[in-house]
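The values are calculated or read from the model by the stated rules, or taken from the named source; none is laboratory data. As the structure is a prediction and not an experimental result, all values here were calculated from the model. With ideal geometry, Cβ positions are generated from the backbone for all residues, glycine too; neighbour counts draw on all protein chains shown. Areas reflect the complete protein model, heavy atoms only, side chains present, ligands, DNA and RNA absent. Shrake-Rupley method; radii C 1.70, N 1.55, O 1.52, S 1.80 Å.
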Amino acid sequence: MQVTWVFPALFVVLWSTGFVGAKLGLPYAEPFTFLSLRFLFVLAILLPICWLARAPWPTRHGFGHMAVAGALMQGGYLGGVFASMHQGMPAGVSALITGLQPVFTAVLGGWLLQERTTLRQWLGLGLGLLGVILVVGERIAVHQLTLPAVLLSGLALASITLGTVWQKRHGGAIDLRTGAAIQFAAAALVLSPFAFLLETRQVRWTGEFVFALGWLVVVLSFGAVFLLFYLIRHGAATRVASLFYLVPPTTALLAWPLFGESYSVLAAGGMGLGMLAVWLVSKP
């Protein structure tokens, strides 16, 4: 089935707002507490939807696969990103590190999914990586980054890469609604203990925090995440992963008016390279 470009474009915009939501909310709640609340509210909405719609639940085997995918794609990725930003990792640098995902997905996709990556696609992956570096390169200040922050961003990169491939390999026949419910529940089980063991669990319920939490619950968890599942199901893992090259420049565009972050000509050129990369990787 051919996926129109409406869904990929919408996915890039929605997914990019996740960094904005994190930046808005993290000053008022610690990362694992923030994410635990997010998953709790998502499940409070999603489980009744599954029940009312009588959505089919997977077998025990499928349940396990979705739990692994959720622990990786929701728990490991989001936990790593939020915790690294809490440790001082700039959003742009975090986007750069996780922006390496398409390269690793291409390697794993060829090994585990028998997806062939052509020379043109490898060229696109390389150009996309260069574009990501250009977009956030001006903000990289290595001397300000702590080792825990770097390692947490690396955990996020590994988690979203493995989770994408796992979802593609094992999630094709599972209902998106119940599959997502299992994934969010697994992520909550993974991250909630860290909130109790490592954090104060204090939340300042300001207007900004409520807005950020609501945005992440409704727009990200129900919009972007379901779009990602749909795109993975109907497209090659490498092609879907190439869309992540557009996330850092799109995030920079969103952060410009919201937070006054600059968007230079060099960064604009990087965004252009990212668009070219997606075209090269996705072209049949």
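Listed by position, the helices (runs of 4 or more DSSP H) enclosed by segment 40-100 that each have at least 2 residues that are of a type outside the set (A, V, I, L, M, F, W, C) and surrounded by fewer than 16 Cβ atoms within 10 Å (Cβ to Cβ) are 60-70.
Each row is one residue, and each column tells you yes or no for (1) at negative phi; (2) modelled with pLDDT under 80; (3) open to solvent by less than 60 Å² (accessible area, probe 1.4 Å).
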residue: A187; (1), (2), (3): yes, no, yes
residue: S192; (1), (2), (3): yes, no, yes
residue: R201; (1), (2), (3): no, no, no
residue: F209; (1), (2), (3): yes, no, yes
residue: L213; (1), (2), (3): yes, no, yes
residue: A237; (1), (2), (3): yes, yes, yes
residue: Y245; (1), (2), (3): yes, yes, yes
residue: L254; (1), (2), (3): yes, yes, yes
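For segment 169-184, a residue qualifies if it is hydrophobic (A, V, I, L, M, F, W, C) and either surrounded by 20 or more Cβ atoms within 10 Å (Cβ to Cβ) or over 18 Å from the mean Cα position of the chain (by Cα) (or both), and the qualifying residues are A173, I174, A180, A181, I182, F184. Here W166 meets the list (1) at pLDDT below 85; (2) open to solvent by 40 Å² or more (accessible area, probe 1.4 Å); (3) under 21 Å from the mean Cα position of the chain (by Cα) almost entirely, failing just condition (1). Of all the criteria given as (1) touching a Gly at 6+ places or on another chain (Cβ under 7 Å); (2) open to solvent by 20 Å² or more (accessible area, probe 1.4 Å), the one not satisfied by L35 is (2). So, T17, is that one under 18 Å from G214 (Cβ atoms) and β-branched (V, I, T) or not? Criteria met by T17. Residue selection: V107 fails the criterion of being assigned to a helix (DSSP H, G or I) and modelled with pLDDT of 90 or more.
All but one of (1) open to solvent by less than 70 Å² (accessible area, probe 1.4 Å); (2) more than 27 Å from G88 (Cα to Cα); (3) more than 16 Å from the chain's Cα centre (by Cα) hold for P8, so report the exception by its number. Failing condition for P8: (3). Only one entry in G18, G25, G88 is at positive phi and in contact (Cβ under 8 Å) with a residue 40 or more places away in the chain, namely G88. The set of residues from segment 157-179 being assigned to a helix (DSSP H, G or I) and either touching a Cys at 6+ places or on another chain (Cβ under 9 Å) or among the charged types (D, E, K, R) (or both) comprises K168, R169, R177, T178.
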